1. Could you tell me the extents of segment 279-435's C-alpha atoms along the three principal axes, largest first, rounded to whole Å?
2. So what's segment 268-309 giving for Rg/Rh, alpha carbon basis, Kirkwood Rh from the mean inverse pair distance?
3. Provide the per residue accessible area, probe 1.4 Å, for segment 296-404, rounded to a whole number of square angstrom.
4. Rounded to the nearest 0.05, what FRET efficiency do Tyr542 and Thr307 have when you use their Cβ-Cβ distance and R0 = 25 Å?
5. Give me P(r) over segment 89-199, computed from all C-alpha to C-alpha distances, binned every 5 Å, as integer percentages.
6. Over the Cα atoms of segment 388-438, compute the convex hull volume and normalise it per residue, giving Å³.
7. Determine the gain in length on full extension of the stretch Phe134-Arg225; use 0.36 nm per residue of separation and subtract their C-alpha separation, reporting nm with one decimal.
8. Using a probe of 1.4 angstrom, how much of the accessible area of segment 355-420 is carbon and sulfur, in percent?
Amino acid sequence: MIAFTLTALITLLGIRRYTRLCETPSYVLVPLFFAVYIPCSIVVLVPIDIVSSSKHSKSTASFYLPKEVRLALWRIIYWLAFILTWAILPMLQSYVDSGYRTKARKFQDAVSVNLKFQLAMLVTAVTGLAAYAFLSTTVLTYSSVEAIVMALSHSYALVIALWLMGHGLVNIPRRCWIEAAPAAKLKGLYLSATLANDTIADAHAEYANVAAEILALPRVYKEGRHRTWILELVETVEAGPGVPLNTDLRQAVASRSRRGRIDRSMINERYLARLSSRFQTARNLLIRYDADWQKLLWEASILEDITAPSLDATKPVFRYRRTLLPPPTARLYYTTVKPFLQRSLSVFLIILTVVLIWSELAQETIFSIVNFAVSHTFGLTQQCVSWLFLGYMCTAAFSSLTRIRVFQYYALVYRHTDYSSLLFYAMYACRLTVPLSYNYITLISSRGSVFEEFLGKSINFTPLGMYFNYWMPRFILVPIVVSFFQFYDRIFGLVEEDDRSRGSLIGDEEVSGYDSAYGEVDEDDAAEGRELINRALTDPSYRFALRHPNIFIVAAAAAEEAADPNGSDAISNASAQSFNNCNGDAAGTKGRTSPTHLTRTSPSVRRTLQLGGGSVHRTRLHDQTALVGAGNSAGVLGHVVRKVVGKRRNPPNETTRLLS
């Protein structure tokens with residue numbers, strides 16, 4: 001019971017990572033919770049099923065569940081997952097995607113969309129059953145039809161599960177190893193910065209086009225039954241997309257709305273529903289790409305601060321984050337301890353990957369390492385071994401699922417994922433429940449479980465299910481080879497960047513430029529990306545700058561150094577003393593300076609915040625004006641920043657807190 005409760009808590013925390021629980025409607029949150037909880041629960045239920053079915057189950061009473069209880073749990077899980085993935089979640093997804101105004105009209109639109117899909121599936125199923133009945137010598141009964149449907153559903157989900165798991169088994173250890181080399185990962189971020197910057201600019205332009213079209217409607221449609229709906233759309237546009245818009249974009253929206261020409265005869269319910277849906281999509285894309293860009297800047301700033309040389313090798317200097325570690329300990333941790341731990345974890349995961357791949361190839365034989373490990377352990381040890389292997393299989397599959405972006409339409413964004421994407425990924429995560437469970441059980445030749453008795457007979461009832469379930473796991477080598485040799489990069493490298501970012505069927509959000517296993521890195525692209533990131537991290541007036549309070553300090557320090565490079569050390573000391581006094585007063589520690597100080601670490605950009613010890617990550621903005629005005633050579637920038645900072649007393653926008 002405790003294990004299932006902890007699984008529910010982990011499920012809520014996982015959902016909370018991608019959306020705000022208090023703001024998510026209950027009709028979305030409840031099905032979403034069950035759709036994610038069901039696949040997570042198999043990590044607990046499958047080992048309990050295996051342990052309880054063994055001949056030593058009586059000696060491990062604390063891990064024992066009666067056969068009737070396990071059978072009831074598996075029936076509930078299977079049929080609940082079936083109903084969620086084929087009825088409830090698709091209906092909800094169509095409902096939240098609908099652009100109609102009223103709930104009744106949204107529901108009607110969702111029913112219409114799903115009936116068309118289910119009708120197409122029914123025609124296909126009837127055709128397949130007719131062909132099977134014609135070619136088969138057996139008579140179709142209700143039980144045989146049910147078994148065929150279950151086998152087909154399992155085969156479809158097994159292909160997806162093996163493909164995702166194969167990618168995850170390669171990418172998870174690779175990602176751990178790469179993150180232990182900050183310089184290589186930083187180069188990858190530089191390579192992807194140009195495309196990410198262009199993508200967010202396109203998202204802003206698309207949002208401006210749709211917003212301008214909506215704002216032009218009231219001038220054309222001054223009265224009529226759709227007037228209220230139009231005014232509601234205008235209010236939604238005026239409320240903003242949830243991310244800051246620069247002045248140029250606001251002016252572009254206003255200008256296009258005045259120049260827009262819309263025929264009043266085309267304004268009807270269908271047109272407004274499509275326009276509302278387009279606006280919702282444009283806003284979601286804008287929030288998504290803005291979050292991607294801010295995340296890239298955040299990671300790049302940390303990696304630059306770690307890899308940049310410092311005047312004092314024992315004191316790491318960070319601009320936009322903080323730590324509780326003392327300066328020497330922080331330097332040791334980020335340069336030695338953390339890379340060693342990441343590489344050690346990567347080696348351990350590589351071993352697990354090799355074990356699972358070999359066990360998949362040696363399935364149903366005594367040569368399976370997973371079979372040997374499970375068969376020669378009992379009780380708690382056996383359960384822990386199953387937790388380890390099955391947990392890693394689920395982690396690999398779910399990690400790949402959460403990182404892919406289908407048609408660049410569905411994507412998971414930290415705390416700001418749209419409901420349609422949440423339901424889409426939850427639906428496919430729920431579909432992985434049965435294939436992952438049964439695939440793990442088939443790795444154990446001397447197995448016995450209620451799950452196999454319940455579902456195995458239905459899957460193996462037809463030759464399709466029996467041979468497909470036996471031979472398909474061997475084809476896990478295909479996604480493993482594709483991912484290991486980075487065939488996606490080779491293929492997408494032959495097309496244009498726009499096609500690579502928006503035209504691909506499935507795009508992995510993981511940056512692969514720093515992990516290129518072929519060819520040479522384009523230094524021009526890396527240099528261009530470096531300049532874009534440097535400007536976004538040091539120029540608060542840039543329209544795609546990092547949204548963080550410390551950027552004003554970084555900009556002021558950079559302007560001081562550019563204005564007086566020969567006297568930069570003196571300016572740095574004066575600025576540091578001014579900031580320390582300011583920070584000390586704000587903290588109420590008069591007469592004691594803060595260990596956080598400004599320092600110069602490179603000829604081009606001065607690092608402003610030391611991570612070891614205190615940090616100004618949460619320092620109030622109006623307290624930073626003393627530092628801004630410390631350098632007389634940066635008078636113009638200081639005046640502008642003081643003016644801007646003096647007005648910013650309200651809490652930042654919600655999206656501004658994405659990476660705070």
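The values are calculated or read from the model by the stated rules, or taken from the named source; none is laboratory data. Keep in mind that what you see is a predicted model, and the values were worked out from it rather than measured. FYI the Cβ positions are ideal-geometry reconstructions off the backbone, even for glycines, and counts take in every protein chain you see. Remember, those area values only see protein heavy atoms, side chains included, never the ligands or the DNA or RNA. Shrake-Rupley method; radii C 1.70, N 1.55, O 1.52, S 1.80 Å.
1. The Cα atoms of segment 279-435 stretch 59, 50, 26 Å along the principal axes, largest first.
2. Details: Rg = 18.2 Å, Rh = 12.7 Å.
Dividing the radius of gyration by the Kirkwood radius yields 1.44.
3. Numbers: 4960 Å² over 109 residues.
Result: 45 Å² per residue.
4. Details: r = 23 Å, r/R0 = 0.91.
Plugging the Cβ-Cβ distance into 1/(1 + (r/R0)^6) gives 0.65.
5. With 5 Å bins starting at 0, P(r) equals 2, 9, 9, 10, 10, 11, 11, 11, 10, 8, 5, 3, 1, 0.
6. Details: hull volume 3.9 nm³, N = 51.
Output value, Cα hull per residue: 76 Å³.
7. On the way: separation 91, 0.36 × 91 = 32.76 nm, distance 5.66 nm.
So the chain would gain 27.1 nm between Phe134 and Arg225.
8. Details: 1920 of 2600 Å².
That share works out to 74 percent.
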